[in-house]
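Just below is one structure, and these are the notes that go with it.
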Amino acid sequence: KFLRQHTGFALPIPQRVMHARALEATTFDEVALNPDRHVLVQFLAPWCGHCKRIAADYEAAARAFRNEPHVAVVKMDVDSPLNRPIAQRYGI
């Protein structure tokens with residue numbers, strides 16, 4: 001909006017599509033423990049350097065499996081206070 005107002009140009013800003021679905025403690029069991037799906041869960045913390053380094057590869061995996069009905073590639077922020085019970089359950 002700023003550029004359009006000050007320059008007259010309307011430059012599109014590409015939206016980043018995230019394919020790895022974010023889980024919360026309230027949805028974790030339903031998704032991650034579903035016996036009808038193969039589920040890959042990335043337990044992450046926003047400040048974690050290793051998590052940041054593998055983010056692009058993890059998104060690529062999620063993108064590759066996005067149309068597979070029996071596969072879910074998901075992620076969970078274990079640093080969030082709401083998700084700590086799941087982190088404790090799995091010793092993270």
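The values are calculated or read from the model by the stated rules, or taken from the named source; none is laboratory data. None of the values given here were measured: they were computed from a predicted structure. Quick reminder, even Gly has a Cβ in these numbers, built from the backbone with ideal geometry, and neighbours come from all protein chains shown. Remember, those area values only see protein heavy atoms, side chains included, never the ligands or the DNA or RNA. Shrake-Rupley method; radii C 1.70, N 1.55, O 1.52, S 1.80 Å.
Quick look at the values:
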| read-out | value |
| --- | --- |
| Region 34-92, dipole about Cα centre (Lys/Arg Cβ +1, Asp/Glu Cβ -1), debye to the nearest 20 | 80 |
| Neighbourhood charge, 11 Å Cβ-Cβ cut-off, centred on His70 and excluding it, Lys, Arg +1 and Asp, Glu -1 | -1 |
| Cα centroid separation, region 59-92 to region 35-50 (Å) | 4 |
| Accessible heavy-atom area order of His50, His19, highest first, probe of 1.4 Å | His50, His19 |
| Ranked order, Leu44, Leu33, Leu23, Leu82 - accessible area, probe 1.4 Å, largest first | Leu82, Leu33, Leu44, Leu23 |
